[in-house]
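A quick write-up on the structure given underneath.
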Amino acid sequence: MKYPPQAVVFYLKDDLLSPQGFSDPKTFLRYLELTLEKLSPIVKNIPVYSNLGKELSEQAQAISKKFKYSKFIILETSRESDYFAKICDQLPDSRTGDPEWDETSFLVFDGVAPLLDRNLTEELIQRHEKYLAQYSYSENLPSGIVPRILSREFVRSLPAEYSGGTQEFLAKNINQFDTEIFYTSPDLRQWRLDFSASNPRSRRLISSFLNEKENWKYDEVQSFLISHPEVFRSGPSYYEIELYRGCEYDCLFCPRQNLKPEEDNIALDPKVLDQLLSQAEKEFGLPYSVCFGGLGEPTLHPNFSELVLKTVSSPNLKELFIETALYTDPEKFIQTISGLKEEDKKKISLIVNLSTRDKRTYSQLYGKDNLENVLKNLRSISEVLPKSSIFLQFLKIKEVDPELDQWYEETQKAGYEIILQKYNSYSDVLPQRRASDLTPLGRDFCWHISRDLYLNANGEVSICKQTPGSKKHSLGNINQNSLVEIWAKGNPFFTASAQGKHETIPAPCLSCDEWYTFNA
């Protein structure tokens, strides 16, 4: 290489600015060492920069010298653009002798990269130099497989007042820069992989790979994940919990109407929720989201407020979604929200099923003339829960599709968040009412089997959300089986889904069009 990169940069996001961001400092140091070890045959004798807290600077300095990097420098700043600008000021002058071209560049890792692919990284650096790029990155590789490459020209073109990320700036202004977009097969974007160690799930994933071996090629990743489903399915990221199977409405888009009378009007035992959350925290220890949904109105549960408090207090909870038609008296819920700490209140997102503001259409959709009461309740809750945490949900069905533009404009004007919800026929259990078919032409694995756990009000855990209330399609019962046992029973079904053997899964996969939707 005539003009190799002049620095290596490890830029850590806010939650990783100190060693406490990792489970223990040794983890970060080991990942740093593996990254530099794999990178050193390509570039060395240049400085390494990081915004890591100073607690590990001495050890990081020793690791850098071990692999023949000139020094390890810690720079602290609150903005990414300022951080890169400081680095640019310390880099050597341009070597081209051309005042119109500054070739000086540096490698950027958003986190660390212990699974770095050396060959792909070298190819990316060569392409950056060959095509005189100002910014090079991969569009389809998971974070942590190759770095980004930023030129000093690019960094110094950023507006002085800009406070966002450099990748976001490039995306909005890509035509202004000479950009090299690196692509290589296989395309694993559907898998949403992250090898940057920037969050607990990413670190769990990396640990599983490193336990197998230290040196990986990118094209080995997919086959390993399919043959070892427990690596990808390290724990649920989204728990849909049916607090109450029952409702005062008779919605034409709800499969609850097909249940037998003895299967309806069931309230979840609060002890079951306690067991689920405690096991999720203890056995998996990963961030997760919870949705109070299922086939019913969650606010009808006699202990609804207590269950909300219990859930938002869970340490690893990222967000609590509450799906509701909002027709019940909200007074107690309002009192509950008012008493929450601000950090817990921010975890709550209220999803209100409100696909029309026309009284007649509302009665036809929901089976009850109750629109005015719902709107009144909505106004009341908006006084204690910010509108940025309240999502009005419009179901994309033929019956209301002509209203969408007006509905959207009114909702946006009112200041609420918006969800345009895809219609679910529950694998043709319900009549097909979707306004449009957005199903991808090429079928991939199912995200709900991969990451979701659907808990019925009776404690049964369904294979997926398309088989609610069915013991025939159950992975187990929280009252009788541990969460770890139940989750492990889903591994063979994920493998079958990833291999395209959908017909072997004891669920209506072949007639399902929900497989590509992603919850959390």
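The values are calculated or read from the model by the stated rules, or taken from the named source; none is laboratory data. None of these values were measured; they are calculated from a predicted model. With ideal geometry, Cβ positions are generated from the backbone for all residues, glycine too; neighbour counts draw on all protein chains shown. All accessible areas refer to the heavy atoms of the entire protein, side chains included, with ligands and DNA or RNA removed. Shrake-Rupley method; radii C 1.70, N 1.55, O 1.52, S 1.80 Å.
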Heavy-atom accessible area per residue - region 85-130, 1.4 Å, Å²: 45 Å²
With θ set to phi - 60°, apply the Karplus curve 6.51 cos²θ - 1.76 cosθ + 1.60 along region 382-397 and write out the HN-Hα couplings as whole Hz, x wherever there is a Gly or Pro. 5, 7, 10, 10, x, 4, 5, 9, 10, 10, 8, 9, 10, 7, 7, 10
For the chain, Cys with no neighbouring Cys Cβ under 4.7 Å: CYS88, CYS247, CYS291, CYS446, CYS464, CYS509, CYS512
To the nearest 0.05, how large is the calculated FRET efficiency for LEU210 and SER511 if R₀ is 51 Å and r is the Cβ-Cβ distance? 0.80
Potential lengthening between GLU343 and ASN479 on full extension [0.36 nm per residue; Cα-Cα distance subtracted]: 45.8 nm
Ignoring ligands, DNA and RNA, what percent of the accessible area of the chain is carbon or sulfur (1.4 Å)? 46 percent
Cα centre as origin, Lys/Arg/Asp/Glu Cβ charges: the chain dipole, Debye: 820 debye
Among DSSP beta bridges whose residues both lie in the chain, state the antiparallel percentage, nearest 5. 25 percent
In range of the label at SER436: residues from region 488-520 whose backbone nitrogen is under 20 Å from the point 7 Å along Cα→Cβ: 513-518
Using a 1.4 angstrom probe on the protein heavy atoms only, line up ASP110, ASP219 by accessible area, largest first. ASP219, ASP110
For the chain, with the dipole built from +1 on Lys and Arg beta-carbon atoms and -1 on Asp and Glu ones, taken about the Cα centre, which of PHE177, HIS448, GLN406 lies farthest toward the positive end? HIS448
Taking a crude spin-label model, label points 7 Å out from Cα along the C-beta direction, the GLN190 to SER94 distance in nm is 4.5 nm
As a percent rounded to 5, the proportion of antiparallel DSSP bridges among beta bridges in region 322-461 is 15 percent
Assuming 0.36 nm per residue, please report the length gained on full extension of the stretch GLN167 to SER227 beyond their Cα-Cα distance. 18.2 nm
Whole number in Å², please: accessible area per residue of region 231-511, 1.4 Å probe, ligands, DNA and RNA not counted. 44 Å²
Relative to the present Cα-Cα distance, how much length would full extension add between LEU75 and GLN364 at 0.36 nm per residue of separation? 97.9 nm
Can you say what percent of the DSSP beta bridges in region 7-224, counting only those with both residues inside, are antiparallel? Round to 5. 30 percent
Evaluate the charge dipole of region 95-216 about its Cα centre and quote only its size in Debye, nearest 20, assuming +1 on the Cβ of each Lys and Arg and -1 on the Cβ of each Asp and Glu. 540 debye
So what's the convex hull volume per residue for the Cα atoms of the chain, in Å³? 165 Å³
